[in-house]
1. In the set Ala26, Ala79, Ala49, Ala61, which member is away from the ligand (no atom under 11 Å from the Cβ) and surrounded by 20 or more Cβ atoms within 10 Å (Cβ to Cβ)?
2. I need every pair where a residue in segment 1-16 that is away from the ligand (no atom under 16 Å from the Cβ) has its Cβ under 8 Å from the Cβ of a residue that is open to solvent by 60 Å² or more (accessible area, probe 1.4 Å), sequence separation at least 6 or different chains.
3. Of everything in segment 109-123, what is closer than 19 Å to Asn21 by Cα and either in contact (Cβ under 8 Å) with a residue 60 or more places away in the chain or open to solvent by 60 Å² or more (accessible area, probe 1.4 Å) (or both)? Give them in sequence order.
4. What number of residues in segment 3-20 are out of contact with any strand residue (DSSP E or B) (no Cβ under 8 Å at 6 or more places or on another chain) and not in a helix (DSSP H, G or I)?
5. Could you please find all residues in segment 139-150 being in contact (Cβ under 8 Å) with a residue 40 or more places away in the chain and surrounded by 15 or more Cβ atoms within 10 Å (Cβ to Cβ)?
Amino acid sequence: MSQKTAIYPGSFDPVTKGHLNIIERAAKSFDRLVVCVMRNGSKTPMFTAQERVSMLREVTAHIPNVVVDDSDRMLAEYAKTIGGSVVIKGLRAVSDFDHEFQMALMNHKLNPNLDTMFLMAEHQFMYLSSSAVKELGRYGADLRDFLPEIIIPAFEKRMKEQLGG
Ligand code: ADP
């Protein structure tokens with residue numbers, strides 16, 4: 001029987017509890033879930049791709065069928081190389097929908113074997129994004145509700161360096 005592989009792509013800069021919640025839920029439905037740090041984003045990231053991969057590996061170490069990778073290729077192409085047939089996306093507010101719908105259609109056109117499946121964000125993570133965490137981090141806010149505990153020291157250290165202190 002063939003293995004069913006799903007891909008969960010994102011920038012994960014850094015991985016939040018919202019991302020981790022999607023990973024834990026999606027991993028239950030597939031034989032293998034490949035979490036892929038996409039390196040083709042336009043913004044300058046807070047963490048290098050390698051750092052983001054390491055953080056993702058740490059916070060997913062307890063889920064045996066999760067693999068972490070990174071790529072600078074188009075998602076539709078990347079999926080072919082790893083034998084992935086499903087893309088997982090988390091949906092927060094309605095505002096995510098338009099953009100995600102467009103990307104899902106585009107990916108399906110580029111790779112007809114690739115389908116996108118959406119998981120609704122849990123209500124407590126509905127307003128959580130990596131950029132909001134970075135904004136809060138600048139003011140020294142308590143991030144324990146938002147970031148996996150294990151990555152908070154690295155986050156605080158990098159934030160301090162970037163603020164020049
Ligand atoms: P962000 O910088 O907005 O956190 P990413 O590119 O790292 O975005 O997100 C990757 C995927 O995870 C996207 O499908 C995004 O919609 C989803 N996602 C991000 N945050 C959450 C959350 N709090 N709950 C559910 N899904 C989320």
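1. Ala79
2. So the pair list comes out as Gln3/Asp31; Gln3/Arg32; Lys4/Asp31; Lys4/Arg32; Thr5/Asp31; Thr5/Arg32.
3. The first filter runs over segment 109-123 and keeps only residues closer than 19 Å to Asn21 by Cα, leaving 116-123.
Met117, Phe118, Leu119, Met120, Ala121, Glu122, His123 - these are the residues of segment 109-123 that are closer than 19 Å to Asn21 by Cα and either in contact (Cβ under 8 Å) with a residue 60 or more places away in the chain or open to solvent by 60 Å² or more (accessible area, probe 1.4 Å) (or both).
4. We begin by selecting, within segment 3-20, every residue out of contact with any strand residue (DSSP E or B) (no Cβ under 8 Å at 6 or more places or on another chain); these are 13-17, 20.
Among the residues that remain, those that are also not in a helix (DSSP H, G or I) are: 13-16.
So the count comes out to 4.
5. Of everything in segment 139-150, those that are in contact (Cβ under 8 Å) with a residue 40 or more places away in the chain and surrounded by 15 or more Cβ atoms within 10 Å (Cβ to Cβ) turn out to be Phe146, Leu147, Pro148.
Residue-wise test of (1) open to solvent by 60 Å² or more (accessible area, probe 1.4 Å); (2) within 10 Å of the ligand (Cβ to nearest atom); (3) under 24 Å from Gln3 (Cα atoms).
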{"site": "Asn107", "(1), (2), (3)": "no, no, yes"}
{"site": "Leu128", "(1), (2), (3)": "no, yes, no"}
{"site": "Gly137", "(1), (2), (3)": "no, no, no"}
{"site": "Pro153", "(1), (2), (3)": "yes, no, no"}
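Condition check ((1) without any contact (Cβ under 8 Å) to a residue 12 or more places away in the chain; (2) closer than 19 Å to Pro14 by Cβ; (3) among the charged types (D, E, K, R)) across all residues:
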position	(1), (2), (3)
Val94	yes, no, no
Met103	no, no, no
Phe125	no, yes, no
Pro153	yes, yes, no
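Yes/no matrix, rows are residues, columns are (1) within 18 Å of Pro148 (Cβ to Cβ); (2) without any contact (Cβ under 8 Å) to a residue 40 or more places away in the chain:
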position: Leu20; (1), (2): yes, no
position: Phe30; (1), (2): no, no
position: Lys43; (1), (2): no, yes
position: Ile63; (1), (2): yes, no
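The values are calculated or read from the model by the stated rules, or taken from the named source; none is laboratory data. Everything numeric in this text was worked out from a predicted model, so none of it was measured. Glycine gets a Cβ as well: all are built from the backbone with ideal geometry, and neighbour counts include every protein chain shown. Surface areas here come from the heavy atoms of the whole protein model, side chains and all, with no ligands, DNA or RNA. Shrake-Rupley method; radii C 1.70, N 1.55, O 1.52, S 1.80 Å.
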